Structures are given as C-alpha cells and as structure tokens.
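Please treat every number below as a calculation from the coordinates, not as lab data. Quantities reported herein were computed from a predicted structural model and do not represent experimental measurements. Cβ sites come from the backbone with ideal geometry, for glycine too, and all protein chains shown count toward neighbours.
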Amino acid sequence: MKRYSAFAIAREALRFHSGWERAWKSPEPRRRYEVVIIGAGGHGLATAYYLGKNFGITNVAVIEKGWLGGGNTGRNTTIIRSNYLQDPSAAIYEKSRSLYETLSQDLNYNVMFSPRGVMMLAQTQHEIRGYQRTAHANALQGVDTRFISAREVKELCPIMNIDGPRYPVLGALWQPRGGTARHDAVAWGYARACSDMGMDIIQKCEVTGIRQEEGQVRGVETSKGPIDCSKLGIVVAGHSGRLADMAGFRLPLETVALQALVSEPIKPCMDVVVMANTVHGYMSQSDKGEMVIGGGTDSFNSYTQRGSFHHIEETVRALVETFPMISRLKMLRQWGGIVDVTGDRSPIISKTPLQGCFINCGWGTGGFKAIPGSGWAMAELMAAGQSTLAEEFSLDRFRVGKFIDESVAAGVAH
Amino acid sequence: MLTLQCPYCGVQADETELSAGGEAHIERHGPGSSDEAFEEYLFARENPFGVHFERWRHSYGCGKWFHAARNTVTLEVYGTYPAQTTEPPADIRKRISGVAPGWTWRFLG
C-alpha cells in the first residue's frame, strides 16, 4: 500500500495523478479463512482491523451483502460523544472516542475527526437533574464533561434561541472533546488498512446460511459459494435477527427505521454539535455547510430503509423554535437506515449459544460513535475469548437482569 | 404514511392518530416462572423479516387497543382485528397465505 502524504500528492501532481492505486482489493473469496466477519460496515471492518493489528490474525474475510459502508455507517449523523451514564457504556464509548482522536494517523486515512464539542440541551427540570447526574458520573469515569449554564450555551452557539416559549434552554451537558467525523472515510480507512494486512473484503456477497456441526460453527453459505471458518463474527446491525435465525438462536432486538436529513449548504454558522432530546432533534453543520439534522425512530418494526414523513416534520418543527434561522432553509436530502434496538438501549457484544460464533449488534440509534471501541472489544473477544470492555454487554444479561440501562441517554437521540 | 383501519370505530386512521404497542399475542408469565420465561416475555421480541402481528392503539380516536397484521419489509397491511383474541383470526391468516405463501410466525405451528 502506498502511503498517503503531502509528498504523495506533490509526486502525483507532477505525473498527472497516474500513480494512485485502489484503496482496497476486491478479491474472489477463498475456500477457507480463520475468521469470517459478516458485514463490512464500520463495526465489522473495525473488528477485522483490530484482529489484525492487536492480535496478528490476518487470515480474515469480511463479507458484505451490499457495498462497503452502505448501511448505517453511511446513513448516520456522524456524532461522536461518550457522555453516558453507566460505567460499562462510558468505558466503551470513551475508548472509542479516544481512538477516534488518532484514527487518521493510525489508518493513514483522513477520517476528518473534528472534536468541536457536543452539547446536550437541558430543556426541562428533569433534564437538568439528569444531565447533572451524568456529569458527576462522567467525572468519576474519567470522561471530560460538565454541566454548563444557558448563558454559556448561548456563547458557544449564538444562533440558538434560548428563550423559546415552549422549551427554553436551561443549560446543557457539554463534552468539549466530542464532535463529528467523516462517516464514509471511517469505513474506507478501515477497509484500506484491512486490505493492506492481507484480509479479503468481499462485497456483493450475501450470506444465505450458517453451517454448524455439533454446536460448533464451521462456515457460511454465501451467494459466492461456501466459505469455511473457525470463528465467525456477525456484525450486521438491522439484519442481526435474520443472521441469528440462521445460526439457530434468538436476539432481544427489534428493527426500526431511523431518519436524517440535510439542508442546502450555507456559510459556517454553528461550530458545535447540538442535541435536544426533549424535542427529539439534533443538529450540526457539515464541512460542506449543510445543516445535518436527525430525529427519532419510527415506533414500529420495519426493514425498509425509509421512515415516516411525519417524524421529519416533528423534528424540524421542534428545532425551528430553538434555531429560528433554519425556518427559511430548504432541505436537500432525506434518508433512512434500519437500526436494531435492545430492551435496555445498550449493545450486545457477546459469545453466542453456537460455539465459535460471536455477535456484535444492538447499537440502535448510536453506533457510529462506537465504531473503533466496538471493533476493539469485539476483536479482543473473538481472539482472546474475553474482553473487559465487552464483558457487561453479553447476551445473557437479559436473562439474569443485569441491564445497562441507557434508555435516558440513548433512547431518543444520538 | 401507514394507515390502519380501526376495527372498533371503522376509521381509516393514519399513523399520527395511532400508537404502536409492539408485538401481539405474547405469552404472559407471572410470579414463579423461570428466568428464561421472563426473558422471553420481557425482551425476546419477535423481529420478523416479513409478516408480523402487532398491537396498536387508536390513541387520538376511539382510544381502543386492536391488532394489526403487517409486513415489515413491504409495509403492506394485511388487516386489523379486535384485541380480544390470542391468535390471528383465520380470515387474516388466509389472506396472508394468498399473498405471502410459506409465511411463518413463532406462535403459529
């Protein structure tokens, strides 16, 4: 792999950019790999990357039904934060956020991580208490957040109207090192690094069955023929239930649609990420100048990558009160993804009843921020058999009642 | 937008009038049941890729709970029926078999 650098740009500029190579190879699948990962989204590719980087396991295939990063990795609002309430969540999301800080250097691929700061608005008395509690919890967990006043909110984000009649801004939970990153670049960067380590990324290859003998996974049936493996990782977000069905176990998940939209590009007016959970809306400005807006999920199960229109209306209507200037903006695009939501709104990174088969799912509406940490923990679990970061996120927590309840922090907006 | 006909008041209600109530026909478990049974009852939701049976409430209409048979992939609605039943009625099942042969659901053999 040729490294990307300022020098490389200068070199290619002198020879009409004829020397750039493909970022990753597109091989046909071999008959056998040590590890097969299903799903070439952010989480799947990160898992493969850290298997190679941290454990030297490079005999890996990442299989993707569609195209690389074409699911939720390419459909989210790119927010990165780690201001969670519960210790296991704070640990894995903070690990993830800290990995994002150096990810561009690690991957030699610019993921455009922008730690511009994330604020979660408190617009009711309940939220003030809730976020103060989270700020105290974060202090104990070593996550850098603090509760700020409405005046500080206005200073950080002058376009905001903090005196709204229905939902005045009363303060905010502020994480200065949260921010955004370029979502596609995260998937592409991991893919390039994986390909460079000799891993095979196989796109347009659908898994149609999971082969097992005596409770041990043996391989997968795919649209490009059977592939054997010793270990299998299922990292497929909204379609996790279908894959679990093939493997012969059930997951405590429901799949629902989540939407986002962007406005026409405008001049820079907002250099922080703002989340308003009471009104189900969150917004940031992309480097292109578009206002990126996300809302709540649909309330019913759906595998269609589109959502109900009235959710967009509700989200935008709520945001207009807090950001009066967006009322004249035209919206350019809207899209949806399907997310897998668990009962306690926390993910599952776990062994499964099928030996050698591991699952990473349930990230619900907030998976993008977790990509590096999730991959790190999943790789550790698959390679070493256990992972401190993943320990609490096991599948059996629903049976024993050891929930990681993040429904307050994570149930609505991400 | 999803529209469901309320089987009680007969109104073609659109989604904004309704509240989704999750999976229908769940087997309930009480005190003394095993951990597995409670896990099943509380968390192990059916998440079908296709035919699904759900509870809905006509919140901003007559206020009554009812059931709907729906497809989670095509968003097709197969019909709605009153809530006082432990399984989907035969006519709805027949209609589903007509358009989606081979469908299955966990509580139906």
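At a Cα cut-off below 19 Å, give the lysines reachable from A:LYS369, other chains included and same-chain residues fewer than 8 away excluded.
Reachable lysines: A:LYS95.
For the range A:176-232, what does the convex hull of the Cα positions come to per residue, in cubic angstrom?
Values: hull volume 8.2 nm³, N = 57.
With only Cα atoms used, the range A:176-232 gives 145 Å³ per residue.
So how do B:TRP105, A:TRP174 line up by other beta-carbon neighbours within 10 Å, fewest first? Don't skip to the end; give the middle numbers.
Numbers: B:TRP105 18, A:TRP174 22.
Ranked by crowding around the Cβ, least crowded first: B:TRP105, A:TRP174.
Considering every pair of different Cα atoms, what Kirkwood radius, in Å, is found for the range A:314-411? Provide the component values of the computation, followed by the final result.
On the way: mean 1/r = 0.0633 Å⁻¹.
After inverting the pairwise mean of 1/r, the radius is 15.8 Å.
Taking every DSSP beta bridge that has both residues in the protein assembly as shown, what percent is antiparallel when rounded to the nearest 5? Don't skip to the end; give the middle numbers.
Working: 66 of 86 bridges.
Bridges in the protein assembly as shown are about 75 percent antiparallel.
Given 0.36 nm per residue, what is the gain on full extension from A:CYS269 to A:ALA10 after removing their alpha carbon distance, in nm? It would help to have the intermediate numbers written out before the result.
Working: separation 259, 0.36 × 259 = 93.24 nm, distance 3.32 nm.
Extra length from A:CYS269 to A:ALA10 when fully extended: 89.9 nm.
What lysines does A:LYS351 reach when the alpha-carbon gap must be under 19 Å and sequence neighbours fewer than 8 apart in one chain are set aside?
Excluding near neighbours in sequence, the set is A:LYS231, A:LYS402.
Taking the alpha-carbon distance from B:LYS64 and a cut-off under 28 Å, which lysines remain once sequence neighbours fewer than 8 residues away in the same chain are dropped?
Partners found: B:LYS94.
So what's the range B:3-99 giving for Rg/Rh, alpha carbon basis, Kirkwood Rh from the mean inverse pair distance? Don't skip to the end; give the middle numbers.
Details: Rg = 14.3 Å, Rh = 14.3 Å.
Taking Rh as the inverse mean 1/r over Cα pairs, Rg/Rh reads 1.00.
Give, in whole angstrom and from largest to smallest, the semi-axes √(5λ) of the equivalent ellipsoid of the protein assembly as shown, with λ running over the eigenvalues of the Cα gyration tensor. Let's see the in-between values first.
Details: eigenvalues 245, 210, 99 Å².
Three semi-axes, in Å: 35, 32, 22.
Thinking of the range B:54-104 as a set of Cα atoms, what percent of all their pairs are more than 17 Å apart? Let's see the in-between values first.
Numbers: 476 of 1275 pairs.
Everything past 17 Å amounts to 37 percent.
Looking at the range A:1-147 from every direction and averaging, what is the projected area of its Cα convex hull in nm²? Before the final figure, lay out the partial values.
Numbers: hull surface 49.8 nm².
If I average the Cα hull's projected area over directions, I get 12.5 nm².
Once both axes come from the Cα atoms, what is the angle between helix A:309-322 and the longest principal axis of chain A, in degrees from 0 to 90, rounded to 10?
40 degrees
Rounded to the nearest whole Å³, what is the per residue volume of the convex hull around the Cα atoms of the range A:206-278? Numbers along the way, then the final one.
On the way: hull volume 14.0 nm³, N = 73.
Each residue corresponds to 191 Å³ of Cα convex hull volume.
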